[in-house]
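Here is the structure we will look at, set down as structure tokens.
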Amino acid sequence: MYPLLAKLNQPEDIKKYSLFELENLAQEIRQLIIETVSKNGGHLAPSLGTVELTLALYSVFKFPQDKLVWDVGHQAYTHKILTGRRDSFKTLRKKGGITGFPNRSESKYDAFGVGHASTSISAALGMAVSRDLSGRNNKVIAVLGDGALTGGEAFEALNHAGELGKDLIVILNDNEMSIDRNVGAMSEYLSRIRLAPQYKQAKHDVEELLSSIPRIGSRVLKTANQIKDGIRSVLVPGVLFEEMGFHYIGPLDGHNISFLQEVFTRVREMSGPILLHVHTMKGKGYTPAENNPGKFHGVGKFDVSTGESLKKTGGAPSYTSVFSQALIDLAETRQDLVAITAAMPSGTGLSAFKEKYPKRFLDVGIAEEHAVTLAAGMAADGKHPVVALYSTFAQRGYDQILHDICLQNLPVTLCLDRAGLVGEDGPTHHGVFDFSYLRHMPNMTIFAPKDENELRQMLGTAVSLQGPSAIRYPRGAGVGVELQSDFTPVPVGKAEVISSEGEIAILSIGVMNGVAQKTAELLAGQGIKAALANMRFVKPLDEELLVEFGKSKRLLVTIEENVLAGGFGSAVAEFIADHNLPVRLMRFGLPDAFVEQGSRQELLKLVGLQPEDIVEKVCARLQAMSK
């Protein structure tokens, strides 16, 4: 089915392919990516856009001696296929299979592990500095998309790289900006001129000549440069990068393998920081993805013939959609509510809010730190911002949450989507640290709903508070409960006691309530009655309930979908110790390890959070306590 791919046994084989074969190989790779992602899900449109770019890189550079650093990794599927993972590509994002992002433990060709945006230039510069200290002369290449360039870390790295002047190649894969008119014969002609060594020498000679003219030479050169910069800023893209110390080349057609090979061959012989501006089309080669690249950026299983999702329709609404509608409803009467996200309006459910309240919506790009401090500034001026982020990305704004929001006790609500185990995206995307990194922040209130209706009520409560709050909720569909149209305040720091009778008590937080209820049912079948409490808050805890259960139960069991270190169970353990309560404690949560990829149910089993696993351990503990 893939004759050219079948002959590709190692990356160096690419250099043996003719241009005609490379162009046909690109089509085979696209078909393999489409076929695999349609079954496994994944980042389709970005990877379809970088097929020719990746082939050109491998046909010119020598990896892994040269280093290739991808940003985020959404664009790296071709890279994986070329580097010994062709046959295992069918296991993409499955438990025990290859990961959806570059991973140093997976291949020597994955120079740097990624998953969060805007890190590639920093990492690549680090490799370039290390290379020079070691006396090597390999090339280091960073590839990032225009979305990643909205992140502050990318500009920090560009600034430093320009100052150091190290040999570094940065490829900006631009698949969003409107630069079509710059891509074509004139752009290629100008790029060829800028690549020619004669151009650089002539530029240097002219500057020396003008500088040598007595009295007026320096003024003439300064005037010439001012005129040149004025014209260039209007006509030539990339002035910003040149001002930061980079030799800018582009825009280049990112689907023209022959031209890319020519550019890469010349750039390989150049020194200093170089930025190549490449224009590609997201989703290229698959019409549904070309027409709707946003939908196919990260996608679940779909029908290749139609592009339609294979997700079951109907059923319970997602937590994301419930959050979205609740915020819109609240904003009808709360003119102070504003919504902020970091390049995730669709993923966080804020697209609908944007449609209804465009003036009260802000997308800051991939800049979580800015999003948080922006919210703090608005809160200081009388607004109540709701900042919607994925839990894993909110980690990037830790200092801003602590210093700019909590220290000043400002009314900002963080809504952390994709909390807990997110499945096939794996350890870079699991949102399993938020209880731990938020719980120790003074003034912070932390909500965790057991279902979609409780999420709605908690949002209404959170935006009524006069200080910082965070609500964390999972990816995917809710449990199917009825949604209240009104907003009923949730008493802050008060648990929902589902049942109080029993020799032990199970304290659950968030969606682990369902696991807790099933655990109690299984224990009852073994003659062990357990009290149940949906704790609802990690901070503040329901201290009155903990004292009551701590004095009346033999054993407390906490269940959370967060790392055990510093999480909800730790908070309960600290309370028991501080108040000298005469009760034993068992904590169930995630281990001190990064959890691999897999389906949610597979991962819950892996970490021991299935009801059967909990029951087995609880029974063993009770038996041991009876001896």
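The values are calculated or read from the model by the stated rules, or taken from the named source; none is laboratory data. Model, not experiment: these values are computed from the prediction. Positions of Cβ are generated from backbone atoms using ideal geometry, with glycine treated the same way; all protein chains shown enter the neighbour counts. For accessibility, only protein heavy atoms count, side chains too; no ligands or nucleic acids. Shrake-Rupley method; radii C 1.70, N 1.55, O 1.52, S 1.80 Å.
The table for this structure:
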| read-out | value |
| --- | --- |
| Dipole of the chain [Lys/Arg +1, Asp/Glu -1 at C-beta], most positive-end residue of G525, N137, L125 | N137 |
| With every protein chain in place, the chain: carbon and sulfur % of accessible area (1.4 Å) | 53 |
| Amide H partners (placed H, <5 Å) of F588, local residues excluded | T558, I559, E560 |
| Potential extension, D578-K617 segment - 0.36 nm per residue separation minus Cα distance | 11.5 nm |
| 19 Å Cα-Cα reach of K282 towards lysines, excluding residues that sit fewer than 8 places from it in its own chain | K80, K295, K301 |
| Solvent accessible area, Å² - R439, 1.4 Å probe, full protein context | 40 |
| Two-site label geometry, D399 and T333: point separation in nm, points 7 Å out along Cα→Cβ | 4.1 |
| Note, ³J(HN,Hα) from phi for segment 458-474, Karplus 6.51, -1.76, 1.60, rounded to Hz, x at Gly and Pro | 5, 5, x, 6, 4, 6, 8, 6, 9, x, x, 8, 9, 10, 10, 8, x |
| Debye, to nearest 20: dipole size of segment 493-567, +1 on Lys, Arg Cβ, -1 on Asp, Glu Cβ | 80 |
| Rg to Rh, two decimals, where segment 396-466 supplies the alpha carbon set and Rh follows Kirkwood | 0.98 |
| Bridge type composition, the chain - antiparallel percent by DSSP, nearest 5 | 15 |
| Cβ-derived FRET efficiency at R0 25 Å, K605 paired with E543, nearest 0.05 | 0.15 |
| Dipole in debye (nearest 20) - segment 254-328, about Cα centre, beta carbon charges: Lys, Arg +1; Asp, Glu -1 | 180 |
| Positive-pole candidate from G382, A462, Q484, dipole of segment 374-488, charges at beta carbon | G382 |
| Average accessible area per residue (Å²) across segment 561-627 - probe 1.4 Å, nucleic acids and ligands excluded | 51 |
| Interchain or long-range residues, amide H under 5 Å from V140's placed H | K67, I169 |
| Spatially near lysine pairs across segment 519-627, Cα under 19 Å, sequence gap of 8 or more or different chains | 7 |
| Given the chain, longest segment not containing exposed loop GluC sites (Glu not before Pro) (DSSP; at most 10 other Cβ within 10 Å) | 1-268 |
| Lys/Arg +1, Asp/Glu -1 at C-beta; segment 1-122 dipole; positive extreme among Q31, G97, A76 | G97 |
| q = 0.09 Å⁻¹, segment 442-586: log10 I(q)/I(0) [Debye, one scatterer per Cα] | -0.27 |
| Protein-only accessible surface order, largest first, of Y109, Y398 at 1.4 Å | Y398, Y109 |
| With eigenvalues of the C-alpha gyration tensor scaled by 5 and rooted, segment 471-516, Å | 22, 16, 11 |
| Taking only Cα atoms of segment 1-147, radius of gyration then Dmax in Å | 14.9, 47 |
| Full-extension gain in nm, Q31 to L465, via 0.36 nm per residue minus C-alpha separation | 151.0 nm |
| Separation in nanometres of the label points that stand 7 Å from Cα toward Cβ, at M270 and I498 | 6.3 |
| Whole-number D in µm²/s for the chain (Stokes-Einstein; Kirkwood sum over Cα pairs; 4 °C, 1.567 mPa s) | 48 |
| Mean shadow area of segment 349-449 over all directions, Cα convex hull, nm² | 6.8 |
| Cα centre as origin, Lys/Arg/Asp/Glu Cβ charges: the chain dipole, Debye | 960 |
| Between segment 72-93 and segment 521-592, the Cα center-to-center distance that results, in Å | 43 |
| Rounded if a/c under 1.5, otherwise prolate or oblate - segment 254-337, Cα gyration tensor axes | oblate |
| Mean separation of Cα contacts under 8 Å (6+ apart) over length of the chain, as relative contact order % | 11 |
| Radius of gyration and Dmax over the Cα atoms of segment 2-61, both given in Å | 11.7, 33 |
| Where S464, S120 fall by accessible area, highest first, once all protein chains stay in place (1.4 Å) | S464, S120 |
